[in-house]
């Protein structure tokens, strides 16, 4: 079964490479307007990828005007992931695309999985913090991705602000999230590296009452950037094996969030 | 007055036959009368030509009336009436000895006091008048019946009034003697089990008139009565329960009172109730949560109002079996959906409901959640009845009908119809008609009508503001707040959901609990409906994102609407799902020494009814004495066994039923019964004059009250029953005839004088 799925995923990768996606690779922080929400998909009950927009930190620690660390890999990462989800699972993703909202937008509550890219630059004002905390406590699931090294400190500070009683717990391959759809074994997980920096990845979970067997608020891909792998999966810039595993993780995260 | 003009009382006219005893042939008298009247009329018609037409008609009519009356008197009319021969006949006197006779609702005197007046030591005109005519035989009756030597033996402590049995017994006891009739002194508040109509038929056949004497008033000045309680016999611990109470009042209409619900003495709910305005009873629904496990006696009461004579009927009790067991629900989804996670989380803390979720994540790839063993659902959706029927409830999410084999579709239908399980179908892109269910066995079980066309059309999507129907508002599973008013308010605040399934109609017999308006659809669409199907129930919840009521921005973080709704929905789903052996006692509360039935329904593990089983009920009394009661197959229904037991003690009796087949135990079940004083005499305790009048009318007797009872001795004498003679009573000399004759003749004379005629 797993082999069949792996083969299928490889085929889809090839298919993706052949598809000319409307948007070309974009440098972070450039290329789209503030009215990015005009591209948002309408809610229709189907799974829709939600990316949270935030104002990145300035060099001096304060907030500065909105840049686009949050948008890294947008929109091709989620577009590719949606294709993979549709091909490989019974989930029918929203055909109209994905969504982007600020964390204090009440619309985020319609999309219970939120992706936060580059949390090393993540910031929240009071409204965003309050709304996002409510989002998580009500049942929203957070995926943190695309950060490494010293970016951890900002992430840790912000997550402590967001969920004061919660601290990230290191996960191993026994956690059900790594088996929600694909069985990802310990070896695979241990060999996971950042697709650009080639440093070993670490996975953390945010749990209710810090109970690793309990309810999970979110997953943290530290020293990792699975969004990067999704984005470039049609270009061959990232090794196929790594891309394959990145999709497995992404699909597992989505399936786990929808069923737990 | 009647007797003054007509010489005799009405009863004589009713009982007697009219005959004419004229010495001259009647035809000759009539002929003479016609001739004389004709002459008179001719005289006015021809002889008085100066008169106008109208006076001539009036004068002619008066003359004819007078002559007709005279002719009638000359025919010597008389009534032939059967009258008993004094002291040759027996009269049965039946006296109600039940507790309701102690109610002092007439002139502040207990109803029983009238019995003392009539038949006490001092004697009375009634007693002597009856004794002069009849040999009297006295009986007392309540739940039993017996001879009464003296009214001082009456205690008015009987716990029931069984008029039918009393009449039957009296008829049989006096069958060998000439019986002039029976006289029943009662309030008519009958609560016996025997059939009154059958007893009356026998009396009619024997020609025995029954006279009834109603004691008490038809309607109390002030009274509140909880006359009926309808509650589930067994529920899961922690469930919200809806109980219907029938409340009636007199003299207190429109007043607001507090209804108090007690669980074994602990107040669990106080609900304001407005008493109905008229004399018709009203139904009040009260919701509360059952938190304590076991066989629990719930008491529903309204504090007595000032001036209420009967206070015992302000309370009513019922026994509810609160079960601390785990019910298993299989939730099958055809795709990973938010509903899976949110539903599971909503009921995660419910120890009485386990949700085993099976999710088809990819083609032929299933994920299991909440299973209790490695084997559970390991092969996907059950393909045997044994595996599926081990669950009490089944939730079908967004999964197309073609996923299942034909046998699995039949199995799902039988899960409801035969096994008696609860089926909950959720909305989704692969549900209902959109999932191709129209025409399948599953569609037969659904409470909603599937539109085959909607499966072919482009995808329907509508945002819907869900609102409960009037019935839904009162349903236990739809209560979102402690009171119904708060619940209704909460429903009005909930954010809109969405649906992909257009359901316009429910099936006949199904009930709609939630509806909504959808854009482009003229009538409200069905959101939640249910129906009984065979032994089980089927519920359809036609939305795809009930999780909005947990997640939506407008829902406060600490709001428990979503958890409450799912918890109640799932408990409703598995509520009453039968075990292989289900036991039902005839009533939850019985009187000691009154026989009660115990019924058990026995099936095998595949829930097929077993007829050849050996079924024994072991009844354990409050003092710990056990007695085996064999239950026999009823023959009328497959798998149904019945037996009878008479509790000898007051208190809670436990009934444990064990069914064996071929020596092996196929299942066990239990029920509880509370034996004690039901206070039945205080419910419907007003004097039932309609019933008493009907008894009298159907047997040829009469109905009396203390005001009219003085004529009873003479009235009872007019009967063909027993040893009687026929008397002839002249009618020609009735004062009314003389009065009318004078009136007609006088009127004619005065009228003539006014017209100037001689």
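Of the strands (runs of 3 or more DSSP E) lying entirely inside the stretch B:350-407, the ones with 3 or more residues being more than 11 Å from every other protein chain (Cβ to nearest Cβ) and in contact with a helix residue (DSSP H, G or I) (Cβ under 8 Å, 6 or more places away or on another chain) are found at B:393-396. On the stretch given as the stretch A:221-256, residues that are within 14 Å of another protein chain (Cβ to nearest Cβ) and either touching a helix residue (DSSP H, G or I) at 6+ places or on another chain (Cβ under 7 Å) or not in a helix (DSSP H, G or I) (or both) total 7. The criterion of being assigned to a loop (DSSP other than H, G, I, E, B) and crowded, with 20+ Cβ neighbours inside 10 Å does not hold for residue A:203.
Yes/no per residue for (1) exposed (fewer than 13 other Cβ atoms within 10 Å of the Cβ); (2) within 30 Å of residue B:752 (Cβ to Cβ); (3) touching a residue at least 12 places away in the same chain (Cβ under 8 Å); (4) more than 46 Å from the chain's Cα centre (by Cα):
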position	(1), (2), (3), (4)
B:2	yes, no, no, no
B:18	yes, no, yes, no
B:45	no, yes, yes, yes
B:57	no, yes, no, yes
B:63	no, yes, yes, yes
B:83	no, no, yes, no
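Here residue A:184 clears all of (1) part of a helix (DSSP H, G or I); (2) more than 21 Å from residue A:53 (Cα to Cα) except the condition numbered (1).
Conditions tested, residue by residue: (1) assigned by TED's automatic domain parsing to the domain that holds residue B:174; (2) within 30 Å of residue B:126 (Cβ to Cβ); (3) at pLDDT below 90.
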| site | (1), (2), (3) |
| --- | --- |
| B:640 | no, no, no |
| B:649 | no, no, no |
| B:671 | no, no, no |
| B:693 | yes, yes, no |
| B:696 | yes, yes, no |
| B:706 | yes, yes, no |
| B:711 | yes, yes, yes |
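So that you can scan it fast, the table gives a plain yes or no per residue for (1) within 24 Å of residue A:46 (Cα to Cα); (2) modelled with pLDDT of 95 or more:
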| residue | (1), (2) |
| --- | --- |
| B:532 | no, yes |
| B:540 | yes, yes |
| B:546 | yes, yes |
| B:562 | yes, yes |
| B:573 | no, yes |
| B:578 | no, no |
| B:583 | no, no |
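Being touching a helix residue (DSSP H, G or I) at 6+ places or on another chain (Cβ under 6 Å) and part of a strand (DSSP E or B) is a property that does not hold for residue B:299.
Exactly one residue among A:218, A:214 is in contact with a helix residue (DSSP H, G or I) (Cβ under 8 Å, 6 or more places away or on another chain), in a loop (DSSP other than H, G, I, E, B), within 14 Å of chain B (Cβ to nearest Cβ) and within 30 Å of residue B:343 (Cβ to Cβ), and that residue is A:214. Suppose the filter is in contact with a helix residue (DSSP H, G or I) (Cβ under 9 Å, 6 or more places away or on another chain), more than 16 Å from residue B:705 (Cα to Cα) and free of Cβ contacts under 8 Å to residues at least 60 places away in the same chain; does residue B:179 pass it? It is false that residue B:179 is in contact with a helix residue (DSSP H, G or I) (Cβ under 9 Å, 6 or more places away or on another chain), more than 16 Å from residue B:705 (Cα to Cα) and free of Cβ contacts under 8 Å to residues at least 60 places away in the same chain.
Can you find a residue that is modelled with pLDDT of 75 or more, within 14 Å of another protein chain (Cβ to nearest Cβ) and buried (at least 20 other Cβ atoms within 10 Å of the Cβ) anywhere in the stretch A:49-69? Yes, the stretch A:49-69 has at least one match. Of all residues in the stretch B:492-541, those being closer than 15 Å to residue B:461 by Cβ, away from chain A (no Cβ under 14 Å) and in contact with a helix residue (DSSP H, G or I) (Cβ under 7 Å, 6 or more places away or on another chain) number 2. Here the condition is being touching a strand residue (DSSP E or B) at 6+ places or on another chain (Cβ under 9 Å) and either at pLDDT below 95 or more than 14 Å from chain A (Cβ to nearest Cβ) (or both); of B:458, B:454, B:487, it holds for B:487 alone. When the test is whether a residue is under 41 Å from the mean Cα position of the chain (by Cα) and at pLDDT 95 or above, residue B:310 does not pass it.
The values are calculated or read from the model by the stated rules, or taken from the named source; none is laboratory data. Please read these numbers as outputs of a predicted model, since none were measured by experiment. All Cβ positions, even for glycine, are placed from backbone atoms using ideal geometry, and neighbour counts span all protein chains on display.
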